[in-house]
1. Accessible area per residue for the chain in Å², computed with a 1.4 Å probe and the full protein assembly in place, what is it?
2. Taking only the C-alpha atoms, wrap a convex hull around the range 63-129 and report its volume per residue in Å³ as a whole number.
3. For the range 151-212, which trypsin sites (Lys or Arg not before Pro) are in a loop by DSSP, counting at most 11 other Cβ atoms within 10 Å?
4. What FRET efficiency do you get for residue 165 and residue 112 if R0 is 51 Å and r is their Cβ-Cβ distance, rounded to the nearest 0.05?
5. Starting from the Kirkwood Rh over alpha-carbon pairs, what translational D in µm² s⁻¹ does the range 286-332 have by Stokes-Einstein at 4 °C and 1.567 mPa s?
6. Over the chain, what is the percentage of antiparallel beta bridges among all DSSP beta bridges, to the nearest 5?
7. Using a Förster distance of 56 angstrom, determine the FRET efficiency expected from the C-beta separation of residue 20 and residue 105, and round it to 0.05.
8. Please state the shape class of the range 19-70: rounded when a/c is under 1.5, otherwise prolate if a/b exceeds b/c and oblate if not, all from the C-alpha gyration tensor.
Amino acid sequence: MDYTKQALDAYNSPQRNSFYLNGKIVSNLDAVLYYLSEALRSAVGVEQADILLTKANISSFKGNIEQAILGYSQALPVANHRQQMTLHFYLALWHHYQGNITPVTQHIEQLSDLDACYAQDAMGIIAILEKSLNTPICYRHNALSPEQPSASRHAIVTLGYKLNRDGTIAPPLKMRLEQTLNIAKRFPGSLIIVTGGVEVAGTTEAAQMKKWLVEHGIKSCRIIREEQAANTIENARNSLAILQRHPIQHATLVSASSHVHRSQILFETIQLSQKRVEDGRQGSHITFDHIAVDDGLSPCHIPKGQTRINCYIDALRGVGLPAFQWGTIHQV
């Protein structure tokens, strides 16, 4: 029985909290851990390292960071050079999450011995996390930095939210659009990107978002629809590509209060990883800030609990590290 394939199928299953396993209803992540544990019984060497790494990732998704760190550490002795790079990267960031400075330094040093550029990436991601997670949630557009560029070099990126079953705009998305409208009126020369490609009732989030903004007085020529993305990582990648095709120096992200830090971290880590891959040929650096919807979803001004964990997970996804790794399968 191919337990690894079953684990991958469970990982990608839409049945997040109603996965059928051995006569019981469990979460899909619990099913992934079960199948990977079965696969681990006969795995050796690099296969064993892949399974341990993926199991550790699943533990982090479930909020068990101690178990995740243990799993990455167990994988190191059987890992090849490429796997060791990934493992040290993970270990550096999760020890940073826990505030364990000494092991962070040790894993960065070991990563530097394997690949100095990769170690620089890890330090860059840590710097992004520290800056973002020490910045309180911003709810009002008048808090935008006075140092930001002229409007012609500024953009607003509004992240989508699933539409109602009939394709109409759901209340959380309407709140984001109202916030976007306020900012767009204050900065009438700014480009606006609306992003979200999930189709419902023959329309997409981006299409409905643009329609709403135009109906409320925003010129159509200011608005670019990004409607290929099906998740937040794709939102960030695709929107960043649009920003880079324009003379944008600064972008303001609009999303839920529980999501703005995660979104900003994704945009910044993807941009960082692109600069390394493209060997310095990337265009001018884009700075980001955010404006959150005052939706009551974040009782704290700084991300706490699972939201803070998710910020680290998104940073790792943004830089391209695998969530599920098995041989040639490298799923972010």
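1. Details: 15220 Å² over 332 residues.
Accessible area per residue: 46 Å².
2. Convex hull of Cα atoms, per residue: 77 Å³.
3. Details: sites: 153, 162, 165, 174, 176, 185, 186, 210, 211; in loops: 162, 165.
Those that pass, being in a loop and sparsely packed, are 165.
4. Working: r = 52 Å, r/R0 = 1.01.
E between residue 165 and residue 112, to the nearest 0.05, is 0.50.
5. Values: Rh = 13.2 Å.
So the translational diffusion coefficient is about 98 µm²/s.
6. Details: 8 of 29 bridges.
Here the antiparallel bridges make up roughly 30 percent for the chain.
7. On the way: r = 45 Å, r/R0 = 0.81.
It comes out at approximately 0.80.
8. Values: a/c = 3.11, a/b = 1.24, b/c = 2.51.
Since a/c reaches 1.5 but b/c is at least a/b, the shape of the range 19-70 is classed as oblate.
The values are calculated or read from the model by the stated rules, or taken from the named source; none is laboratory data. A quick note: this is a predicted structure, and the numbers were derived from the prediction, not measured. As a convention, Cβ positions derive from the backbone with ideal geometry for all residues, glycine included, and neighbour counts pool all protein chains shown. Protein only, heavy atoms only, side chains kept; ligands, DNA and RNA dropped before computing areas. Shrake-Rupley method; radii C 1.70, N 1.55, O 1.52, S 1.80 Å.
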